[in-house]
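Read the structure below first, then the notes.
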Amino acid sequence: MPQITKSNEEFDVVKYFLQLLDDDKDMSSGIAAIKTLLMILEKKQFGTIHILHTTMREAVAAMRNTDLSIAAIVSAGELFCRFITLSLDDKHMEECRQIMLNRGKIFLTKLQNSRQVISQQAQRFISDGCRILTHSRSRVVLKALIAASQNKKTFHVFVTQGGIGNSGEEMVQDLQAAGIDCTLILDSATGYVMESVDFVMVGAEAIVESGGIINRIGSYTMGLCAREMKKPFYVLSESFKFSRLYPLNQRDLPNEYKYSRKHLNDISKVHPLVDYTPPAYITLLFTDLGILTPSAVSDELIKLYM
């Protein structure tokens, strides 16, 4: 774990990262990771760009060692480092650091507004009287549904329990608090409910190069069912979750994405936390970069990393 000293004070990367998430329960782990990297940039003096890259990689590695889902941490960290270090040739290191700080703050501000952008894009797809199926709890889906309700639209949301934990129950409580009609259902009731809904709307922990998604376990089953019953399957996700992974099936997902760190030594009897939904089962992706088809994701990734 990198520890950064300034004025005899130590900066603990993991402690700061976890504190951000504890202080704001609505914050994504990706945003918390970017805020942590930005704080490192403010506190640390770097002799070279190479040292900066090394320090950033160590910080991301430290955050990955927590029991949180690492997908958003990895993709957000990579994009942040790529964005702040573009075109810094022939400049003094301190000048570079100030440029990177300014870029980092612009990048963070843009991403913090991404849920609002996605929410607005989704509004024309949520019609009065429609019935929506969503999986577990997604902050960006919740924001889109609340915005639709505030626009005087009435609709009903079916929320799956979402496997391990009580995330589905939390989603239902949030929806009820916003005055939205909703029903909590078993994950195994997805097929039963699917025929009566108009579309599926889910979040994502990561969007991979193929246009598929990594999301809470059960998303793949929902995608299969939606395709069989000819229901649109919409994904709402921020662009910092675009990941340079290209899985072909469930086995291709790295184990550290699928299991908590404490279980990695023996996964034979452990329930996976996420699964991979291939692009063939996804209708559209709503992102802060625009509404995309799955095939357009690779083009956007190229633009992000050019």
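The values are calculated or read from the model by the stated rules, or taken from the named source; none is laboratory data. Remember, it's a predicted structure, so these values are computed and weren't measured experimentally. Using ideal geometry, Cβ is built from the backbone for each residue, glycine included, and neighbour counts are taken over all protein chains shown. Areas reflect the complete protein model, heavy atoms only, side chains present, ligands, DNA and RNA absent. Shrake-Rupley method; radii C 1.70, N 1.55, O 1.52, S 1.80 Å.
Summary table
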{"read-out": "Filter result (touching a Gly at 6+ places or on another chain (Cβ under 9 Å) and either part of a helix (DSSP H, G or I) or under 20 Å from residue 219 (Cβ atoms) (or both)) within segment 147-165", "value": "149, 159, 160, 161, 162, 163"}
{"read-out": "Count - residues of segment 23-60 that are acidic (Asp, Glu) and under 30 Å from residue 141 (Cβ atoms)", "value": "3"}
{"read-out": "Residue that is open to solvent by less than 20 Å² (accessible area, probe 1.4 Å) and part of a helix (DSSP H, G or I), where the choices are 223, 211", "value": "223"}
{"read-out": "Filtered residue count, segment 43-81, keeping only those that are open to solvent by less than 60 Å² (accessible area, probe 1.4 Å), in a loop (DSSP other than H, G, I, E, B) and either touching a Lys or Arg at 6+ places or on another chain (Cβ under 8 Å) or more than 25 Å from residue 99 (Cβ to Cβ) (or both)", "value": "4"}
{"read-out": "Segment 6-23, subset closer than 19 Å to residue 45 by Cα and either acidic (Asp, Glu) or open to solvent by less than 90 Å² (accessible area, probe 1.4 Å) (or both), residue modelled with the lowest pLDDT", "value": "9"}
{"read-out": "Sole exception among (1) open to solvent by 30 Å² or more (accessible area, probe 1.4 Å); (2) at pLDDT below 95; (3) not in a helix (DSSP H, G or I) for residue 188, by number", "value": "(3)"}
{"read-out": "Considering residues of segment 112-142 that are under 19 Å from residue 217 (Cβ atoms) and in a strand (DSSP E or B) only, the residue farthest from the chain's Cα centre (by Cα)", "value": "133"}
{"read-out": "Options 241, 258: the member that is open to solvent by less than 70 Å² (accessible area, probe 1.4 Å), touching a residue at least 60 places away in the same chain (Cβ under 8 Å), of a type outside the set (S, T, N, Q) and closer than 24 Å to residue 161 by Cα", "value": "241"}
